[in-house]
Amino acid sequence: MGFIEVKNLKIHYPIRGGIFNTIQDHVKAVDGIDLKIEKGKTYGLVGESGSGKTTIGKSIIGLEEITSGKILYNGIDVTNRARSRKKEYKDYNRDVQMIFQDSASSLNPKKRIKDVISEPMDNYFKLSPDETSKRVIELLEIVGMNEEAMYKYPHEFSGGQRQRIGVARAVASNPKLIIADEPTSALDLSVQAQVLNFMRRIQKEYELSYLFISHDLGVVQHMSDDIAIMHKGRFVEQGSKTEIYNNPQHIYTKRLLSAIPDMDPTTRKAHKIERLRVEKEYTDQEKEYYDKDGRVYDLSPLNENHYVALNPNGIGGNL
Amino acid sequence: MAIERPLLEINHLETGFRITDDYYNAVDDVSLTLEKNEILAIVGESGCGKSTLATSIMGLHDAKNTQIKGEVIYNDINLLELNENLYNGIRGNDIGMIFQDPLGSLNPLMTIHDQIAETLVYHSSMNSQQRTARVLELLNQVGIPKPERVMKQYPHELSGGMRQRVVIAIALANKPPIIIADEPTTALDVTIQAQILDLMNDIQDETGSGIILITHDLGVVAATADRVAVMYAGQIVEEAPVEELFANPKHPYTRSLLNSIPHELEDDDDELHVIQGTVPSLQNLPRTGDRFAPRIPWIPAEAHEENPVLHEISPGHKVRCTCWKHFHFEGEDE
């Protein structure tokens, strides 16, 4: 059983126009997705830019107004209640935290690191100043930084260090779920390795769950247990990491996987031929995999660890 | 007949930036050659000087605060000695440049047609009909659908991948023998990235241009390059044909980088390799000794050369310093 359940989540933005500025149509940024988050697991959310992956992350933490659908936290409905002061919603706010993509703009430039990291603690725990300092030092140690960092300002750190501070802040309130939105896409390879290692260590220590949003399929493969592939605001395929990477069913997933550059220059030609073959298959068969409005079909189970959005009446529909 | 010289020859290039009253070299004694019909990749992390190298070749630095030494030889002339007027004749005509951020390198107030035609106005004697014909031809070449329509649009009306194609079209407009591409696919999705890299390979096949590809993405290197130069702290630390570099990396930095690529985990305690410490800032960069030594402190100081130079260890494979012979990852046996 998941402790957080997202049910049929939809986020639509109105398009206004005409003389009276009436609502003409909607942009369906997220159009009916279901997600269950279990303790200690990492869920990879992959898609190209504009697929709606960030919108899902933001809506779970309460930064986006949800059009329809539900978010249940331990069975309690917390949909669109992020600002509520009631205890059960406050618990939810404490237990779900976020790491942002751009570490420079997600840390207040006027605050010292100590204040940045202690803010979530001040909000949710009653700690004395000494206890707070002790905890901040502990958190900095977890992400491999020393005490000196406490009295510095965000601009005094490198990108990788700032991202680690972002991780420390997210962990400060002892959350159960951290939504990581492209946490390493602005970082260099060796620094990325550092941040990913820390994230995994913290996960083991605190039994954290991650919703790991990224367009980098290599990073997602490294981090995740389960993966969902998004396209046009819907999941085209969802399942365990091994199922998705080794047995992709949907043409969109196949296309995405074949586009990852291979690290072996000797197989370059073969890789390219394979990619072009999949690309052609995608153009030829695209219609089979989307309904007449271009919408992704509903997910149907292939096995218990693997769901695919196939046409119930078309190819593969009778699997 | 004289021995044919490489298309572009960079000799002992140093680019120093002024900080307070001193110049600090961001590119330090770099020598490279680029042949016809070759993709040379320059790899390194941010701050290693790879983009500065590109802008130095193009002569895009403000002379007041920059000090450039060495030679960039093209067609038997040293580009660095040219005056601004002559240099302008080279830029865009002999050397095309593709920048990382396609939105930032296009003028938002000009149509696609005008942006591409602009470089033709400077470097060719075409009349306006010929220019439009060439613009259409270029848009077709870079794989833009409905070029007649796109030509009349503005940059904001196009997607990121389409914009990058336009930037490539501008770089190609005068059929330059040399193209410098600075992180051409970094801002793009993987499927678009694959298309753009294919496009660059096709262009190379069709025109025989030499391409300098600057990137931090080793996947991109493996997929496109013929030769690779790895840069660290302003210097080239390893240079090799692409297959050799991936099969037989020698320099500790190259090996560390390859080891920190995210991969599927063997077991739960498996961790990615992390390079200790950080890249020193330009001002604090040690100017003597092995610059990478502080980041592999478990390797004894005697293993490093006093003033490391590039050694050719097999044909075309050069490695700086001899410390690679003694290098092992921390915790591993030598």
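Rule-based calculations on the coordinates, nothing more; no lab input. Values in this document were obtained by computation on a predicted structure and should not be read as measured data. Glycine gets a Cβ as well: all are built from the backbone with ideal geometry, and neighbour counts include every protein chain shown.
Which log10 I(q)/I(0) values, to two decimals, does chain A give at q = 0.07, 0.08, 0.15 Å⁻¹ under the Debye formula with one point per Cα?
Normalising to I(0) and taking log10 leaves -0.32, -0.41, -1.25.
When DSSP assigns beta bridges and you keep just the ones with both residues in region B:8-225, what percent turn out antiparallel, to the nearest 5?
For region B:8-225, the DSSP antiparallel bridge percentage is about 55.
Please give the direction-averaged projected area of the C-alpha convex hull for region B:88-133, in square nanometres with one decimal.
Result: 3.7 nm².
On a 0 to 90 degree scale, rounded to 10, what angle separates helix A:159-171 from the longest Cα axis of chain A?
So the helix axis and the longest Cα principal axis differ by about 80 degrees.
Where does each of A:73, A:245 land when they are ranked from fewest to most other beta-carbon atoms within 10 angstrom? Display every interim value, and only then the final one.
Values: A:73 24, A:245 17.
Fewest-to-most ranking of A:73, A:245: A:245, A:73.
Compute the orientation-averaged projected area for region B:96-184 from the convex hull of its Cα atoms and round it to one decimal in nm². Please list the in-between numbers first.
On the way: hull surface 20.9 nm².
Convex hull of Cα atoms, orientation-averaged projection: 5.2 nm².
Distance between Cα centroids, region B:168-232 to region B:114-160: provide it in whole Å.
Centre-to-centre (Cα) distance: 20 Å.
Averaged over its residues, how many other protein chain Cβ atoms are within 10 Å of peptide A:192-201's Cβ atoms?
5
State, in angstrom, two size descriptors of region B:152-214 derived from its alpha carbons: Rg to one decimal place and Dmax to the nearest whole number.
Reported Rg and Dmax, both Å: 11.8, 32.
Which FRET efficiency value, to the nearest 0.05, is calculated for residue A:225 and residue A:16 with the Förster distance at 30 angstrom and r the Cβ-Cβ distance?
Approximately 0.15, to the nearest 0.05.
Highest mean first, what order results for B:120-131, A:11-22 on Cβ atoms within 10 Å?
Most protected by this proxy first, the peptides run B:120-131, A:11-22.
Tell me, what ³J(HN,Hα) does each residue in region A:28-38 have, in order and in whole Hz, if you take phi through Karplus 6.51 cos²θ - 1.76 cosθ + 1.60 with θ = phi - 60° and put x for Gly and Pro?
Computed from phi, the couplings for region A:28-38 are 8, 5, 10, 9, x, 10, 10, 8, 10, 10, 9 Hz.
Kindly write out, for region A:121-127 in residue order, the coupling ³J(HN,Hα) from the Karplus curve 6.51 cos²θ - 1.76 cosθ + 1.60 (θ = phi - 60°), rounded to whole Hz, with x marking Gly and Pro.
Residue by residue, region A:121-127 yields 5, 4, 6, 10, 10, 9, 10 Hz.
Along each principal axis of its Cα atoms, how long is region B:4-121 end to end? Whole angstroms, biggest number first, please.
Each principal axis gives a Cα extent; for region B:4-121 these are 42, 42, 30 Å.
Per residue of A:255-267, how many C-beta atoms from partner chains lie within 10 Å of its own C-beta, taken as a mean? Don't skip to the end; give the middle numbers.
Working: counts 3, 3, 1, 3, 8, 6, 13, 3, 9, 5, 14, 5, 1.
That average works out to 6.
Go through A:101, A:190, A:217 and say which Cα lies farthest out towards the positive end of the charge dipole of region A:4-224; charges sit on Cβ, +1 for Lys and Arg, -1 for Asp and Glu.
The Cα lying farthest towards the positive end belongs to A:101.
Give, rounded to the nearest 20 debye, the magnitude of the charge dipole that region B:8-225 has about its Cα centre when Lys and Arg contribute +1 at Cβ and Asp and Glu contribute -1 at Cβ.
It comes to approximately 840 debye.
When Cβ neighbours within 10 Å are restricted to other protein chains, what is their mean count per residue of peptide B:190-199?
For this peptide, the per-residue mean of nearby foreign Cβ atoms is 5.
In debye, nearest 20: dipole of region A:11-124 around its Cα centre with unit charges on the Cβ of K, R (+) and D, E (-)?
Its charge dipole is roughly 440 debye.
Let me have the 222 nm mean residue ellipticity of chain A computed from DSSP H runs of 4+ only, each contributing -39500 (n - 2.57), with the sum over all residues rounded to the nearest 500.
Dividing the helical sum by the residues of chain A leaves -11500 deg cm²/dmol.
Give the residue from A:303, A:252, A:283 lying farthest towards the positive end of the charge dipole for region A:248-319; charges sit on Cβ (+1 for Lys and Arg, -1 for Asp and Glu) and the dipole is referred to the Cα centre.
A:283
Give the distance, in whole Å, between the Cα centre of region A:68-104 and the Cα centre of region B:1-73.
After rounding, the separation between the Cα centres reads 52 Å.
List B:322, A:184, B:254 from most exposed to least, where exposure is judged by having the fewest other Cβ atoms within 10 Å.
If I rank by nearby Cβ atoms, fewest first, I get B:322, B:254, A:184.
Starting from 0 in steps of 5 Å, tell me what percent of the Cα-Cα pairs of region A:70-121 lands in each bin.
Once binned at 5 Å, the Cα pair distances of region A:70-121 give 4, 17, 21, 18, 15, 15, 8, 2.
For region B:8-225, would you read off the P(r) tail past 32 Å as a percentage of all alpha carbon pairs?
Above the 32 Å cut-off, region B:8-225 has 18 percent of its Cα pairs.
Helix B:190-207 sits at what angle to the longest principal axis of chain B, using alpha carbons and giving 0 to 90 degrees rounded to 10?
Long axis of B:190-207 versus the principal axis of chain B: about 70 degrees.
In Å, the Kirkwood hydrodynamic radius of region A:158-223 over pairs of distinct alpha carbons?
Evaluated over region A:158-223, this radius sits at 12.0 Å.
Can you give the log10 of the normalised intensity I(q)/I(0) at q = 0.05, 0.06, 0.08, 0.10 Å⁻¹, computed with Debye over equal Cα scatterers of the protein assembly as shown?
Scattering profile of the protein assembly as shown, log10 relative to I(0): -0.26, -0.38, -0.68, -1.07.
Plugging the Kirkwood radius over Cα pairs into Stokes-Einstein for region B:235-326, at a temperature of 10 °C and a viscosity of 1.306 mPa s, what D comes out in µm²/s? Could the numbers behind the result be given before it?
Details: Rh = 14.5 Å.
The diffusion coefficient I find is 109 µm²/s.
Using only Cα atoms, what is the ratio of the radius of gyration of region A:248-319 to 2.2 N^0.38 Å?
Working: Rg = 14.1 Å, N = 72, 2.2 N^0.38 = 11.2 Å.
After normalising by residue count via 2.2 N^0.38 Å, the value is 1.26.
Taking θ = phi - 60°, what integer Hz values does the Karplus form 6.51 cos²θ - 1.76 cosθ + 1.60 yield along region B:320-330, in sequence order, with x for Gly and Pro?
The phi angles translate into 7, 6, 9, 5, 4, 5, 9, 7, 8, 6, 4 Hz.
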